[in-house]
1. What are the pairs with Cβ atoms under 8 angstrom where one residue, in the stretch 152-170, is of a type in the set (Phe, Trp, Tyr) and the other, located anywhere, is away from the ligand (no atom under 12 Å from the Cβ) and modelled with pLDDT of 95 or more? Sequence gap at least six, or different chains.
2. What number of residues within the stretch 98-109 satisfy the criterion of being open to solvent by 70 Å² or more (accessible area, probe 1.4 Å) and either more than 16 Å from the ligand (Cβ to nearest atom) or at pLDDT below 95 (or both)?
3. Which of the following residues is surrounded by 23 or more Cβ atoms within 10 Å (Cβ to Cβ) and outside any helix (DSSP H, G or I): 180, 203?
4. Could you count how many residues in the stretch 110-141 are touching a Phe, Trp or Tyr at 6+ places or on another chain (Cβ under 9 Å) and open to solvent by 70 Å² or more (accessible area, probe 1.4 Å)?
5. Please work out which residue is nearest to residue 139 (Cα to Cα), limiting yourself to the stretch 26-65 and to residues that are within 9 Å of the ligand (Cβ to nearest atom) and part of a helix (DSSP H, G or I).
6. Scan the stretch 75-90 and tell me whether some residue there is assigned to a loop (DSSP other than H, G, I, E, B), acidic (Asp, Glu) and either within 14 Å of residue 143 (Cα to Cα) or open to solvent by 70 Å² or more (accessible area, probe 1.4 Å) (or both).
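The values are calculated or read from the model by the stated rules, or taken from the named source; none is laboratory data. Note that this is a predicted model, so its numbers are computed, not measured. Ideal geometry is used to build each Cβ from the backbone, glycine not excepted, and the neighbour counts take in all protein chains shown. Side chains included, ligands, DNA and RNA excluded: accessible areas come from the protein's heavy atoms. Shrake-Rupley method; radii C 1.70, N 1.55, O 1.52, S 1.80 Å.
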Amino acid sequence: MSSESGGSAVARANRVVVKVGTSTLTYENGRLNLRRIETLVRVLSDLKNSGREIILVTSGAIGVGTGQLGLKERPRDTAGKQAAAAVGQCELMYSYDKQFSTYGHVTAQVLLTRDVIEDGRRKEHVVNTLSRLLEYGAIPIVNENDTVAVEEIEFGDNDTLSALVAVLAEADALVMLTDIDGLYTADPRSHADARLIPVAEAIDDTLRAAASGAGSSRGTGGMITKLNAAEIAVRAGIPTVIMNGANPRRLYDLFDGEPIGTLFPARSAAR
Ligand code: GLU
């Protein structure tokens, strides 16, 4: 598949999953970056007004809870993380709900654990609920249920979660917003000659080597988890884009068909 057809597949996408990470949503101190969230919500609301269906997969519960509780750093133990997530998830949803409602949109909180989507019957309920929420015109806002997730039932990172949600919801495109422009030939923070890879046709060892090491201190995932997530999505026929979330208005350009970030064209011909 050429980059042009991959890009136009994204531009044509009707059902879109957008994943936003902690480093995009918060400042270093864990407090919400309100200006960024306001822009993101406005753009997503407008994309929805234009006729697209939007599912937002959001991180930030632990980061925001850490800030809300006035903790010096993100807790490292399970109970601490789960407590911070319980606090932060409320604040996150409060903020999204308030802002989406100013544009007349209704939000829905969907908290998932891995066991739910691995069990056939429970998975079917998730699929049906997501589909009904979209039918009702709501914007599902998905996160991992961090407060109850333990190792055996956790996704571990929201990149993987976003790809699984895209597959469950039979999305037409997955967009992962992060704090870097896309996938580079090497970590651009340590390699001045690193170049952005505009289209990644195959997710192979060279690409994995390029992605290793790049990550942020505030979220859980890094480039490798994004690459693995992209692999899940493109195998299911869902074109995937990794792009910078610093200016959410770039989403307009992406959906206008401009080459933004790194595109992983869908692999199966099913779509
Ligand atoms: N679910 C976690 C949170 O909301 C984030 C996981 C991740 O950053 O990938 O804090």
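1. Hits for this filter: 155/164.
2. 4
3. The match here is 180.
4. The total comes to 1.
5. The selected residue is 61.
6. Checked against the condition, which is being assigned to a loop (DSSP other than H, G, I, E, B), acidic (Asp, Glu) and either within 14 Å of residue 143 (Cα to Cα) or open to solvent by 70 Å² or more (accessible area, probe 1.4 Å) (or both), the stretch 75-90 yields at least one hit.
Each row is one residue, and each column tells you yes or no for (1) farther than 18 Å from residue 250 by Cβ; (2) without any contact (Cβ under 8 Å) to a residue 40 or more places away in the chain.
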| site | (1), (2) |
| --- | --- |
| 37 | no, no |
| 48 | no, no |
| 56 | no, no |
| 63 | yes, no |
| 69 | yes, yes |
| 87 | yes, yes |
